Amino acid sequence: MKKKVLVIGCGSIGERHLRCLRFTERAEVFAYDTNATLLQKMQQEYRVTTFPNLKEALASQKFDGAVICTPANTHINIARAVVQHGAAVLIEKP
């Protein structure tokens, strides 16, 4: 069974992680971003389920891991939410 991974932040770094995870076909990939245009691009180009709200994403299902690709000042709060959810965390450095 594939691991479920949520990519948080779909800018250039987030998109790179999403693309690579999809390419390996070893994980079921999901995406979260507050930017509707980026989410639409991720959904259309990579055919992943997207979420415009982090709480909604975390409530939707059990994720095995998350890759945090947001601005550095948001990392701690997002990481706490993901860890409380029970998922492993990879924080992309600034």
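The values are calculated or read from the model by the stated rules, or taken from the named source; none is laboratory data. All of these numbers come straight from a predicted model, not from anything done at the bench. With ideal geometry, Cβ positions are generated from the backbone for all residues, glycine too; neighbour counts draw on all protein chains shown. Quick note on the areas: whole protein, heavy atoms, side chains included, nothing else; ligands and nucleic acids left out. Shrake-Rupley method; radii C 1.70, N 1.55, O 1.52, S 1.80 Å.
Here A59 fulfils each of the conditions (1) farther than 20 Å from R22 by Cα; (2) in contact (Cβ under 8 Å) with a residue 40 or more places away in the chain apart from (2).
Here is a yes/no grid of residues against (1) hydrophobic (A, V, I, L, M, F, W, C); (2) touching a helix residue (DSSP H, G or I) at 6+ places or on another chain (Cβ under 8 Å):
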residue	(1), (2)
E15	no, yes
C20	yes, no
Y32	no, yes
P52	no, yes
A57	yes, no
A66	yes, yes
N73	no, no
N77	no, no
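Remark: pairs (first residue in the range 1-16, without any contact (Cβ under 8 Å) to a residue 40 or more places away in the chain; second residue surrounded by 14 or more Cβ atoms within 10 Å (Cβ to Cβ) and assigned to a strand (DSSP E or B); Cβ separation under 8 Å; 6+ apart in sequence or on different chains) = K2/A27; K2/E28. For the range 12-24, state whether one or more residues are of a type in the set (A, V, I, L, M, F, W, C), open to solvent by less than 40 Å² (accessible area, probe 1.4 Å) and in contact with a Leu (Cβ under 7 Å, 6 or more places away or on another chain). Looking through the range 12-24, none of the residues is of a type in the set (A, V, I, L, M, F, W, C), open to solvent by less than 40 Å² (accessible area, probe 1.4 Å) and in contact with a Leu (Cβ under 7 Å, 6 or more places away or on another chain). Are any residues in the range 43-77 farther than 26 Å from E25 by Cβ, of a type in the set (A, V, I, L, M, F, W, C) and open to solvent by less than 60 Å² (accessible area, probe 1.4 Å), and if so, which ones? The answer is A72, and nothing else.
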